[in-house]
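**Q** I'd like to ask some things about the structure below.
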Amino acid sequence: MKNEIIEIRWHGRGGQGAVTSAELTAMAAIHEGKFAQAFPSFGPERRGAPVLAFNRIRYDRPVRERSGITLPDVVVVLDPGLVTLIDVTEGLKPGGTLIVNSTRSVEDLQQNFDGDWKLAVVDAGSIARKLLGVNIVNTTMLGALIKATGLIKFESLHEPLEERFGARAKSNFEACKLAAENTVLSQITTGGLKTRRSFAVEKLAKWQELPIGCVVKEAGNTRSFCTGDWKSQHPEWDDKKCIKCGICYIYCPEGCIKQQKDGFFRADMFFCKGCGICAQECWTQAISMVEEA
Amino acid sequence: MASKRIGIESSLGIAEAVKLANVDVIAAYPITPQTHIVEGLAEMVANGDLDAEYIPVESEHSAMSACLGASAVGARTFTSTASQGLILMHEVLMVAASLRLPIVMVVANRALSGPLNIWGDHSDAMIIRDTGWIQIFVENGQQAFDQVLCAFRIAENRDVMLPTIVHIDGFHATHVIEPIYILDKKTVSEFLPPYVHPNPLDPDNPVTMGCFAAPNLYTETRKALDQAVRNSRNIIDETWQSFGTLTGRHYLPIEEYKTDDCDTLLVTMGSFSENAMIAVDRMQKAGKMVGLVRLRLWRPFPTEDVLRAISGAKNVIVLDRHVSLGGPGPVCSEIKAALYPLEKRPQVVGIIGGLGGRDISPENFVSLVELGLEKIKTGQTGEMIMFGVRE
């Protein structure tokens, strides 16, 4: 371990706190006298969109690297839906550690992965909802990280949590502890039932292929942009309670809720980001938000 | 070809060229540091002599922004500014180039604050060097008239599609009444084909311009833009050849004056080149073999032409009318960089002078050359040499 740099990649969605997870991890490591970095992947920040955050931790020398992390030792996935959406294990070193927030069992979840890795699974969402009252798992997942890697100590989190959350530091710390207790560790290997999923790879233009002035000629091409990928929960309508008032249609910020021929409303899942505003606004509680599988 | 020789202020001669180019839109901020160029155009539009939209905006930033919109819908677009006005435009200049909008602008080169000084030098031009605009320097009113017409033809060429600046020295050239041959309308309309944007802003065929490029694309966009600026050279050459054939007035990226058999060459840019020519005449008459190399095309930088003109010389003295505070003069450092790959290089000395409206007369140029040669002789070429400073 000495002199080696341990690299962590956090996968989350905008608003879930992946950046906070990385920051707290670095502060804890620095508190212990180690050298550490935390940084986000800079870009347009959109609630619900897949986002990345990173850590580098080194025991006895400063970290000088100023580039992105492509071959991480540890990958932490805050949002269960991301596992089937993007290649969360891309570049994960053989023998590395994959930590996933999921309600699924280890046996079920490992079908999605193809590699020789340590797999740690915890239902962080339930813990966060129970102890913090919100489905934000950034601090909870720190417990799983500690359990799976031992990279930082629980005690080192006290100060950073206190500074960050004040009065709520205690409950966040408890959530972190409980997550560590509930984290299930296993070893997964390549081959067997597992198949390498193919994820969409964006084809990027060569400079010669760019149109003059980088003009975009396909008007309305955002229609093909699947913002529906961003959601971790989706609305479901109980038509028995629905009075067809259309308040959900009016409030939907994405404009993806439409009235059907029978007068009831539905969201276009290709665009729905799962924000939950429709469910919040519904007079008759006809809409409930359901976790993505 | 028909033309009429008249006595006219260079700025108004430029306005005549813009009128002959039959522009559709002029957007300009009319207050200091502005010239008679846009004042003349405003009058032409107001009097009905020029059928164009004249947009008097509230700042130069807005002037260039209005030009972007006009050029993007396919309108032939012109503006003019100088000094502080140009640097207030700076942000939008970058956008004009990256959107590949063939706006033509005349910059009356002047100093920058502070202290407040709007007299002539090249400070404003040098600050906007890297914006992606084609940049041409002229020495007098006739050249400005000619180059404005050439600028539209170069900028709007489908293989170029880049904004273009004609730099003319503030006051020393812009405010001088001199004889200019004004071409007739028919000649200009034959020389200058209409501007057609390949993908204009059009409600019936909507396009997006100016979207963002993440790190995975930005490098490619800059490469494409740089290549476009470099490739524009072919069209610049072709345009100047056609113009030369048409009018008998020939232009080259690097123009040499009496350089044969000269072991010392002076390099200048802009209107002071005319003073330097007089100095060269006098020096050669006195038996000193000093020639003059004038840099006309600043971007794309004509590296090969520079080398052809100066690599055989023993001594090269470069005048910069701008101080890169704490660094080498910008023109001189580019000349030096061009020479560096050669095995055998001339001695190069950079001299800063002609700042904020201070003259460098023909007599001064003789002294400037003597100073340069003295510095080369004593091996003091590395220091910052300022000409005509009280000390």
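**Q** Assess whether B:Pro206 counts as being surrounded by fewer than 16 Cβ atoms within 10 Å (Cβ to Cβ), within 8 Å of another protein chain (Cβ to nearest Cβ) and within 28 Å of the chain's Cα centre (by Cα).
**A** Taking the combined requirement at face value, the residue does not satisfy it.
**Q** Within the range B:289-307, can one find any residue that is modelled with pLDDT of 95 or more and more than 23 Å from the chain's Cα centre (by Cα)?
**A** Within the range B:289-307 (the criterion being modelled with pLDDT of 95 or more and more than 23 Å from the chain's Cα centre (by Cα)), the answer is yes, since at least one residue qualifies.
**Q** Looking at the range B:1-43, which of the residues that are free of Cβ contacts under 8 Å to residues at least 60 places away in the same chain and surrounded by fewer than 19 Cβ atoms within 10 Å (Cβ to Cβ) is farthest from B:Thr77 (Cα to Cα)?
**A** Among those that are free of Cβ contacts under 8 Å to residues at least 60 places away in the same chain and surrounded by fewer than 19 Cβ atoms within 10 Å (Cβ to Cβ), it is B:Ile31.
**Q** Among the residues of the range B:148-169, is any within 28 Å of B:Ser324 (Cβ to Cβ), aromatic (Phe, Trp, Tyr) and away from chain A (no Cβ under 14 Å)?
**A** No, the range B:148-169 contains no residue that is within 28 Å of B:Ser324 (Cβ to Cβ), aromatic (Phe, Trp, Tyr) and away from chain A (no Cβ under 14 Å).
**Q** Same structure, new question: Just to check your reading of the model, which residue among A:Glu32, A:Glu23 is acidic (Asp, Glu) and in contact with a Ser or Thr (Cβ under 6 Å, 6 or more places away or on another chain)?
**A** A:Glu32
**Q** Quick one: in the range B:79-98, which of the residues that are touching a Cys at 6+ places or on another chain (Cβ under 8 Å) and surrounded by 23 or more Cβ atoms within 10 Å (Cβ to Cβ) is farthest from the other protein chains (Cβ to nearest Cβ)?
**A** Per the stated criteria, the residue is B:Thr79.
**Q** Looking at the range A:106-123 only, could you name the residues that are modelled with pLDDT of 95 or more and among the aliphatic types (A, V, I, L, M)?
**A** Residues satisfying the conditions are A:Leu119, A:Ala120, A:Val121, A:Val122.
**Q** Among the helices (runs of 4 or more DSSP H) confined wholly to the range B:116-193, which include 2 or more residues that are more than 17 Å from the chain's Cα centre (by Cα)?
**A** The qualifying helices (runs of 4 or more DSSP H) are B:185-191.
**Q** Turning to a different aspect of this structure: Here are the criteria: (1) modelled with pLDDT under 95; (2) under 18 Å from A:Lys147 (Cβ atoms); (3) buried (at least 18 other Cβ atoms within 10 Å of the Cβ). Tell me which single one A:Val76 does not satisfy.
**A** Against the list (1) modelled with pLDDT under 95; (2) under 18 Å from A:Lys147 (Cβ atoms); (3) buried (at least 18 other Cβ atoms within 10 Å of the Cβ), A:Val76 comes up short only on (1).
**Q** Let me ask you something else. Suppose the filter is assigned by TED's automatic domain parsing to the domain that holds A:Gly15, closer than 21 Å to A:Arg13 by Cβ, of a type in the set (A, V, I, L, M, F, W, C) and in a helix (DSSP H, G or I); does A:Leu145 pass it?
**A** yes
**Q** Further question on the same structure: Yes or no: the range B:110-122 includes at least one residue that is of a type in the set (Lys, Arg), within 14 Å of another protein chain (Cβ to nearest Cβ) and out of contact with any Leu (no Cβ under 7 Å at 6 or more places or on another chain).
**A** No; the residues of the range B:110-122 include none that is of a type in the set (Lys, Arg), within 14 Å of another protein chain (Cβ to nearest Cβ) and out of contact with any Leu (no Cβ under 7 Å at 6 or more places or on another chain).
**Q** Of all residues in the range A:205-233 being within 20 Å of the chain's Cα centre (by Cα) and surrounded by 11 or more Cβ atoms within 10 Å (Cβ to Cβ), which is farthest from the other protein chains (Cβ to nearest Cβ)?
**A** A:Gln233
**Q** Residue by residue through the range A:5-56, note down the ones that are among the basic types (Lys, Arg) and within 14 Å of chain B (Cβ to nearest Cβ).
**A** A:Arg46, the sole residue that qualifies.
**Q** Out of the residues in the range B:216-266 that are in a loop (DSSP other than H, G, I, E, B) and hydrophobic (A, V, I, L, M, F, W, C), state the one that is nearest to B:Ala279 (Cα to Cα).
**A** Per the criteria, the residue is B:Cys262.
**Q** Tally up the residues in the range B:219-244 that are crowded, with 19+ Cβ neighbours inside 10 Å and more than 23 Å from B:Gln147 (Cβ to Cβ), please.
**A** Looking only at that region, the number is 1.
**Q** Something else about it: If I filter the range A:278-289 for residues that are modelled with pLDDT of 90 or more, assigned to a helix (DSSP H, G or I) and surrounded by fewer than 17 Cβ atoms within 10 Å (Cβ to Cβ), do I get at least one hit?
**A** Yes, that holds for at least one residue.
**Q** Please work out if B:Asn234 is within 14 Å of another protein chain (Cβ to nearest Cβ) and out of contact with any Lys or Arg (no Cβ under 9 Å at 6 or more places or on another chain).
**A** The answer is no for B:Asn234.
**Q** If you don't mind, another one. List the strands (runs of 3 or more DSSP E) that sit entirely inside the range B:282-391 and contain at least 1 residues that are more than 20 Å from B:Asp260 (Cβ to Cβ) and among the aliphatic types (A, V, I, L, M).
**A** Once the strands (runs of 3 or more DSSP E) in the range B:282-391 are filtered for at least 1 residues that are more than 20 Å from B:Asp260 (Cβ to Cβ) and among the aliphatic types (A, V, I, L, M), what remains is B:297-299, B:315-320, B:347-352.
**Q** Only residues that are in contact with a strand residue (DSSP E or B) (Cβ under 6 Å, 6 or more places away or on another chain) and either within 14 Å of another protein chain (Cβ to nearest Cβ) or part of a helix (DSSP H, G or I) (or both): list them for the range A:234-253, please.
**A** A:Cys248, A:Tyr249
**Q** In the range A:30-73, which residues are among the β-branched types (Val, Ile, Thr) and under 15 Å from the mean Cα position of the chain (by Cα)?
**A** A:Val51
The values are calculated or read from the model by the stated rules, or taken from the named source; none is laboratory data. Predicted model, so just to flag it, every value in this text is computed and none were measured. As a convention, Cβ positions derive from the backbone with ideal geometry for all residues, glycine included, and neighbour counts pool all protein chains shown.
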